[in-house]
Ligand SMILES: [Zn+2]
(Lines give C-alpha, C1' and ligand atoms only; values in the text may rest on other atoms or scores of the structure.)
Protein backbone atom coordinates (compact mmCIF):
# COMPACT_ATOMS: atom_id res chain seq x y z
CA UNK A 1 0.00 0.00 0.00
CA UNK A 2 2.66 2.44 0.92
CA UNK A 3 5.22 3.65 -1.49
CA UNK A 4 8.00 2.02 0.52
CA UNK A 5 6.24 -1.31 0.52
CA UNK A 6 5.82 -1.11 -3.13
CA UNK A 7 9.44 -0.28 -3.69
CA UNK A 8 10.40 -3.21 -1.53
CA UNK A 9 8.15 -5.52 -3.42
CA UNK A 10 9.56 -4.29 -6.63
CA UNK A 11 13.08 -4.82 -5.40
CA UNK A 12 12.20 -8.34 -4.37
CA UNK A 13 10.74 -8.94 -7.72
CA UNK A 14 13.87 -7.69 -9.40
CA UNK A 15 15.96 -9.91 -7.15
CA UNK A 16 13.85 -12.91 -8.02
CA UNK A 17 14.23 -12.11 -11.64
CA UNK A 18 17.97 -11.73 -11.31
CA UNK A 19 18.18 -15.06 -9.58
CA UNK A 20 16.11 -16.64 -12.23
CA UNK A 21 18.26 -15.12 -14.92
CA UNK A 22 21.35 -16.44 -13.17
CA UNK A 23 19.84 -19.88 -12.93
CA UNK A 24 18.79 -19.92 -16.54
CA UNK A 25 22.18 -18.75 -17.68
CA UNK A 26 23.77 -21.52 -15.64
CA UNK A 27 21.33 -23.92 -17.20
CA UNK A 28 22.23 -22.55 -20.56
CA UNK A 29 25.90 -23.09 -19.94
CA UNK A 30 25.37 -26.72 -19.08
CA UNK A 31 23.17 -27.10 -22.12
CA UNK A 32 25.92 -25.72 -24.29
CA UNK A 33 28.42 -28.11 -22.75
CA UNK A 34 26.12 -31.03 -23.32
CA UNK A 35 25.56 -29.88 -26.84
CA UNK A 36 29.28 -29.65 -27.45
CA UNK A 37 29.88 -33.08 -26.00
CA UNK A 38 27.09 -34.54 -28.03
CA UNK A 39 28.13 -32.82 -31.19
CA UNK A 40 31.74 -33.88 -30.90
CA UNK A 41 30.55 -37.39 -30.20
CA UNK A 42 28.38 -37.15 -33.20
CA UNK A 43 31.33 -36.20 -35.35
CA UNK A 44 32.68 -39.59 -34.66
CA UNK A 45 29.44 -41.10 -35.70
CA UNK A 46 28.10 -41.16 -39.17
CA UNK A 47 27.10 -37.90 -40.75
CA UNK A 48 23.34 -38.41 -40.70
CA UNK A 49 23.27 -39.43 -37.02
CA UNK A 50 25.24 -36.36 -36.04
CA UNK A 51 22.72 -34.21 -37.79
CA UNK A 52 19.80 -35.60 -35.88
CA UNK A 53 21.37 -35.22 -32.45
CA UNK A 54 22.42 -31.68 -33.11
CA UNK A 55 18.97 -30.65 -34.11
CA UNK A 56 17.48 -32.19 -31.05
CA UNK A 57 19.84 -30.24 -28.88
CA UNK A 58 19.32 -26.89 -30.37
CA UNK A 59 15.62 -27.30 -29.93
CA UNK A 60 15.82 -27.92 -26.20
CA UNK A 61 18.43 -25.26 -25.90
CA UNK A 62 16.07 -22.77 -27.38
CA UNK A 63 13.25 -23.60 -25.04
CA UNK A 64 15.48 -23.22 -21.99
CA UNK A 65 16.30 -19.68 -23.00
CA UNK A 66 12.75 -18.91 -23.74
CA UNK A 67 11.67 -19.30 -20.11
CA UNK A 68 12.93 -15.91 -19.18
CA UNK A 69 10.46 -13.46 -20.71
CA UNK A 70 7.29 -11.94 -19.29
CA UNK A 71 6.94 -10.47 -15.86
CA UNK A 72 8.29 -7.17 -17.04
CA UNK A 73 5.17 -5.35 -15.92
CA UNK A 74 4.33 -6.47 -12.44
CA UNK A 75 0.74 -6.82 -11.37
CA UNK A 76 1.21 -4.52 -8.42
CA UNK A 77 -1.52 -2.08 -7.54
CA UNK A 78 -0.86 1.25 -9.08
CA UNK A 79 0.58 4.00 -7.03
CA UNK A 80 0.49 7.26 -8.77
CA UNK A 81 1.88 9.28 -6.04
CA UNK A 82 4.96 7.17 -5.60
CA UNK A 83 7.85 8.13 -7.75
CA UNK A 84 6.75 11.53 -8.62
CA UNK A 85 9.24 13.19 -6.45
CA UNK A 86 12.30 12.23 -8.46
CA UNK A 87 10.59 13.36 -11.58
CA UNK A 88 9.68 16.77 -10.31
CA UNK A 89 13.03 18.30 -10.76
CA UNK A 90 12.98 17.46 -14.43
CA UNK A 91 9.86 19.44 -14.93
CA UNK A 92 11.38 22.52 -13.43
CA UNK A 93 14.04 22.16 -16.04
CA UNK A 94 11.31 22.94 -18.48
CA UNK A 95 11.56 26.40 -17.08
CA UNK A 96 11.50 28.43 -20.24
CA UNK A 97 7.90 29.28 -20.72
CA UNK A 98 6.90 26.21 -22.53
CA UNK A 99 3.31 25.59 -22.88
CA UNK A 100 2.77 22.04 -21.88
CA UNK A 101 0.04 20.01 -23.27
CA UNK A 102 -1.15 16.90 -21.62
CA UNK A 103 -2.73 14.30 -23.69
CA UNK A 104 -4.15 11.19 -22.16
CA UNK A 105 -5.29 8.34 -24.19
CA UNK A 106 -8.63 7.56 -22.93
CA UNK A 107 -10.83 4.84 -24.11
CA UNK A 108 -13.28 6.71 -26.12
CA UNK A 109 -16.18 5.09 -24.46
CA UNK A 110 -15.15 5.67 -20.92
CA UNK A 111 -12.37 6.41 -18.51
CA UNK A 112 -11.43 3.58 -16.22
CA UNK A 113 -10.42 4.33 -12.68
CA UNK A 114 -6.85 3.32 -11.90
CA UNK A 115 -7.45 0.02 -10.17
CA UNK A 116 -10.68 -0.72 -11.86
CA UNK A 117 -10.45 -3.34 -14.56
CA UNK A 118 -13.84 -2.54 -16.01
CA UNK A 119 -12.41 -0.78 -19.01
CA UNK A 120 -10.69 -3.97 -19.95
CA UNK A 121 -13.77 -5.14 -21.66
CA UNK A 122 -13.50 -2.58 -24.36
CA UNK A 123 -9.88 -3.24 -24.78
CA UNK A 124 -9.47 -4.91 -28.08
CA UNK A 125 -8.68 -8.57 -28.43
CA UNK A 126 -5.84 -8.64 -25.93
CA UNK A 127 -8.24 -8.46 -22.99
CA UNK A 128 -9.24 -12.08 -23.40
CA UNK A 129 -5.82 -13.60 -23.41
CA UNK A 130 -4.14 -11.35 -20.86
CA UNK A 131 -6.26 -10.56 -17.90
CA UNK A 132 -3.59 -8.53 -16.20
CA UNK A 133 -3.60 -5.94 -18.90
CA UNK A 134 -7.00 -4.72 -17.86
CA UNK A 135 -5.43 -3.19 -14.77
CA UNK A 136 -2.76 -1.29 -16.59
CA UNK A 137 -3.88 2.22 -17.31
CA UNK A 138 -2.24 5.21 -18.91
CA UNK A 139 -3.36 8.79 -18.54
CA UNK A 140 -1.92 10.86 -21.35
CA UNK A 141 -1.76 14.50 -20.35
CA UNK A 142 -1.03 17.46 -22.61
CA UNK A 143 0.07 20.77 -21.15
CA UNK A 144 0.40 24.31 -22.41
CA UNK A 145 -2.34 24.44 -25.02
CA UNK A 146 -4.56 25.44 -26.53
CA UNK A 147 -2.76 26.20 -29.75
CA UNK A 148 -2.10 25.08 -33.25
CA UNK A 149 -1.51 21.47 -32.26
CA UNK A 150 -4.63 20.92 -30.21
CA UNK A 151 -6.73 19.71 -33.13
CA UNK A 152 -4.03 17.36 -34.34
CA UNK A 153 -3.63 15.78 -30.93
CA UNK A 154 -7.37 15.31 -30.58
CA UNK A 155 -7.49 13.78 -34.03
CA UNK A 156 -4.75 11.25 -33.20
CA UNK A 157 -6.53 10.34 -29.98
CA UNK A 158 -9.77 9.90 -31.91
CA UNK A 159 -8.11 7.67 -34.44
CA UNK A 160 -6.96 5.44 -31.61
CA UNK A 161 -10.29 5.49 -29.86
CA UNK A 162 -8.87 7.05 -26.72
CA UNK A 163 -8.98 10.34 -24.77
CA UNK A 164 -6.55 12.71 -23.21
CA UNK A 165 -6.40 15.12 -20.31
CA UNK A 166 -5.42 18.63 -21.29
CA UNK A 167 -4.08 21.33 -19.01
CA UNK A 168 -4.58 24.58 -20.81
CA UNK A 169 -3.27 28.09 -20.31
CA UNK A 170 -5.96 30.72 -19.80
CA UNK A 171 -4.20 33.46 -21.74
CA UNK A 172 -4.09 31.29 -24.82
CA UNK A 173 -7.79 30.56 -24.90
CA UNK A 174 -8.78 33.54 -27.02
CA UNK A 175 -8.90 32.49 -30.66
CA UNK A 176 -8.74 28.81 -29.76
CA UNK A 177 -12.21 28.42 -28.36
CA UNK A 178 -13.26 26.10 -31.11
CA UNK A 179 -10.36 23.72 -30.55
CA UNK A 180 -11.13 23.58 -26.84
CA UNK A 181 -14.77 22.91 -27.50
CA UNK A 182 -13.95 20.19 -30.00
CA UNK A 183 -11.51 18.56 -27.60
CA UNK A 184 -14.09 18.54 -24.82
CA UNK A 185 -16.87 17.29 -27.07
CA UNK A 186 -14.68 14.41 -28.16
CA UNK A 187 -14.43 13.14 -24.62
CA UNK A 188 -11.21 14.77 -23.49
CA UNK A 189 -10.85 16.54 -20.16
CA UNK A 190 -9.95 20.20 -20.17
CA UNK A 191 -8.01 20.99 -17.00
CA UNK A 192 -6.46 24.22 -15.80
CA UNK A 193 -2.86 25.36 -16.08
CA UNK A 194 -3.11 28.99 -14.84
CA UNK A 195 -3.69 32.15 -16.85
CA UNK A 196 -0.10 33.24 -17.36
CA UNK A 197 2.13 30.19 -16.80
CA UNK A 198 4.49 32.79 -15.39
CA UNK A 199 6.72 31.40 -12.70
CA UNK A 200 7.46 34.76 -11.13
CA UNK A 201 3.87 35.80 -10.93
CA UNK A 202 2.58 32.45 -9.72
CA UNK A 203 5.20 31.54 -7.16
CA UNK A 204 7.32 34.54 -6.35
CA UNK A 205 4.67 36.98 -5.29
CA UNK A 206 2.89 37.00 -1.97
CA UNK A 207 1.97 33.44 -1.08
CA UNK A 208 -0.65 31.58 -3.05
CA UNK A 209 -3.05 34.45 -3.65
CA UNK A 210 -2.03 35.12 -7.22
CA UNK A 211 -1.90 31.41 -8.03
CA UNK A 212 -5.40 30.74 -6.74
CA UNK A 213 -6.74 33.84 -8.43
CA UNK A 214 -5.38 32.82 -11.81
CA UNK A 215 -6.88 29.36 -11.58
CA UNK A 216 -10.27 30.68 -10.54
CA UNK A 217 -10.22 33.09 -13.41
CA UNK A 218 -9.33 30.38 -15.87
CA UNK A 219 -11.91 28.04 -14.43
CA UNK A 220 -14.60 30.54 -15.35
CA UNK A 221 -13.27 30.99 -18.87
CA UNK A 222 -13.18 27.27 -19.56
CA UNK A 223 -16.60 26.79 -18.04
CA UNK A 224 -18.06 29.27 -20.49
CA UNK A 225 -16.64 27.32 -23.42
CA UNK A 226 -17.20 23.73 -22.40
CA UNK A 227 -20.19 24.11 -20.11
CA UNK A 228 -18.49 22.21 -17.31
CA UNK A 229 -16.48 23.53 -14.41
CA UNK A 230 -13.03 22.00 -14.20
CA UNK A 231 -11.49 21.55 -10.75
CA UNK A 232 -8.38 19.70 -11.76
CA UNK A 233 -5.33 21.90 -12.10
CA UNK A 234 -1.72 21.31 -12.96
CA UNK A 235 0.77 23.73 -11.45
CA UNK A 236 3.06 25.15 -14.15
CA UNK A 237 6.47 23.44 -13.83
CA UNK A 238 4.97 21.01 -11.36
CA UNK A 239 4.17 21.46 -7.71
CA UNK A 240 7.74 20.99 -6.59
CA UNK A 241 9.73 22.80 -5.35
CA UNK A 242 7.68 25.99 -5.61
CA UNK A 243 4.64 24.92 -3.66
CA UNK A 244 5.07 24.54 0.10
CA UNK A 245 2.68 23.19 2.70
CA UNK A 246 0.92 26.43 3.35
CA UNK A 247 0.45 26.79 -0.39
CA UNK A 248 -0.98 23.27 -0.59
CA UNK A 249 -3.45 24.13 2.17
CA UNK A 250 -4.65 27.10 0.17
CA UNK A 251 -5.12 25.03 -2.95
CA UNK A 252 -7.10 22.45 -1.00
CA UNK A 253 -9.16 25.16 0.67
CA UNK A 254 -10.03 26.53 -2.76
CA UNK A 255 -11.34 23.02 -3.55
CA UNK A 256 -9.01 22.44 -6.44
CA UNK A 257 -7.49 19.08 -7.19
CA UNK A 258 -3.94 19.09 -8.45
CA UNK A 259 -2.19 16.57 -10.64
CA UNK A 260 1.51 16.31 -11.22
CA UNK A 261 2.64 13.22 -13.14
CA UNK A 262 4.46 9.93 -12.84
CA UNK A 263 6.27 9.98 -16.19
CA UNK A 264 7.97 13.02 -17.68
CA UNK A 265 8.29 12.58 -21.42
CA UNK A 266 10.67 15.57 -21.60
CA UNK A 267 9.14 16.22 -24.99
CA UNK A 268 9.84 19.96 -24.81
CA UNK A 269 13.52 19.11 -24.82
CA UNK A 270 13.44 17.12 -28.05
CA UNK A 271 12.35 19.36 -30.92
CA UNK A 272 12.63 17.44 -34.18
CA UNK A 273 13.37 14.21 -32.32
CA UNK A 274 10.11 12.41 -31.72
CA UNK A 275 11.91 9.09 -31.35
CA UNK A 276 13.71 10.45 -28.27
CA UNK A 277 10.37 11.16 -26.65
CA UNK A 278 9.23 7.61 -27.30
CA UNK A 279 12.49 6.35 -25.86
CA UNK A 280 12.05 8.44 -22.74
CA UNK A 281 8.58 7.03 -22.21
CA UNK A 282 9.74 3.49 -22.77
CA UNK A 283 12.43 4.04 -20.17
CA UNK A 284 10.07 5.35 -17.51
CA UNK A 285 6.80 3.51 -17.91
CA UNK A 286 6.53 0.49 -15.60
CA UNK A 287 3.73 1.03 -13.07
CA UNK A 288 0.21 -0.24 -13.48
CA UNK A 289 -1.04 3.31 -13.59
CA UNK A 290 0.97 6.06 -15.18
CA UNK A 291 0.24 9.72 -15.74
CA UNK A 292 2.42 10.90 -18.59
CA UNK A 293 3.43 14.53 -18.92
CA UNK A 294 3.54 15.84 -22.47
CA UNK A 295 3.13 19.21 -24.12
CA UNK A 296 1.36 20.57 -27.17
CA UNK A 297 4.45 20.57 -29.33
CA UNK A 298 5.21 19.60 -32.89
CA UNK A 299 7.56 16.78 -31.87
CA UNK A 300 4.93 15.46 -29.49
CA UNK A 301 2.37 15.29 -32.27
CA UNK A 302 4.90 13.33 -34.31
CA UNK A 303 5.69 10.98 -31.46
CA UNK A 304 2.14 10.43 -30.26
CA UNK A 305 1.07 7.62 -32.60
CA UNK A 306 4.24 5.71 -31.75
CA UNK A 307 3.75 6.30 -28.04
CA UNK A 308 0.21 5.00 -28.15
CA UNK A 309 1.22 2.01 -30.21
CA UNK A 310 3.98 1.10 -27.78
CA UNK A 311 1.80 1.44 -24.70
CA UNK A 312 -0.97 -0.63 -26.24
CA UNK A 313 1.54 -3.31 -27.04
CA UNK A 314 2.64 -3.24 -23.41
CA UNK A 315 -0.93 -4.07 -22.41
CA UNK A 316 -2.04 -0.66 -21.25
CA UNK A 317 -5.41 0.79 -21.81
CA UNK A 318 -6.02 4.52 -21.79
CA UNK A 319 -8.11 6.66 -19.54
CA UNK A 320 -9.13 10.25 -19.29
CA UNK A 321 -9.47 12.13 -16.03
CA UNK A 322 -12.91 11.81 -14.46
CA UNK A 323 -13.75 14.02 -11.48
CA UNK A 324 -15.90 11.34 -9.87
CA UNK A 325 -13.02 8.86 -10.04
CA UNK A 326 -10.39 11.24 -8.82
CA UNK A 327 -7.25 9.93 -7.16
CA UNK A 328 -4.29 11.96 -5.99
CA UNK A 329 -1.24 12.34 -8.20
CA UNK A 330 0.93 14.95 -6.62
CA UNK A 331 4.54 15.08 -5.55
CA UNK A 332 3.68 16.01 -2.00
CA UNK A 333 1.42 12.94 -1.72
CA UNK A 334 -1.24 15.20 -0.36
CA UNK A 335 -4.41 13.14 -0.18
CA UNK A 336 -6.64 16.19 -0.21
CA UNK A 337 -5.56 17.14 -3.70
ZN1 LIG B 1 3.20 24.09 -18.49
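The values are calculated or read from the model by the stated rules, or taken from the named source; none is laboratory data. These figures come from a predicted structure and were not determined experimentally. Heads up, the Cβs are rebuilt from the backbone with ideal geometry, glycines too, and the neighbour counts pull from every protein chain shown.
From the list 331, 256, the lone residue that is farther than 17 Å from residue 164 by Cβ and not assigned by TED's automatic domain parsing to the domain that holds residue 153 is 331. Of the helices (runs of 4 or more DSSP H) contained entirely in the range 164-245, those carrying at least 3 residues that are within 15 Å of the ligand (Cβ to nearest atom) and touching a helix residue (DSSP H, G or I) at 6+ places or on another chain (Cβ under 9 Å) fall at 199-203, 209-226.
Cβ-Cβ distances below 6 Å connect the following pairs, each with a first residue in the range 259-280 that is farther than 20 Å from residue 309 by Cβ, a second residue that is part of a helix (DSSP H, G or I) and at pLDDT 95 or above, and a separation of six or more residues or different chains: 271/299.
Tally up the residues in the range 257-270 that are more than 16 Å from the ligand (Cβ to nearest atom) and either more than 18 Å from the chain's Cα centre (by Cα) or part of a helix (DSSP H, G or I) (or both), please. The number of residues fulfilling the criteria is 1.
Going by what's in this entry, would residue 157 be described as touching a strand residue (DSSP E or B) at 6+ places or on another chain (Cβ under 7 Å), away from the ligand (no atom under 16 Å from the Cβ) and under 25 Å from residue 288 (Cβ atoms)? In short, yes.
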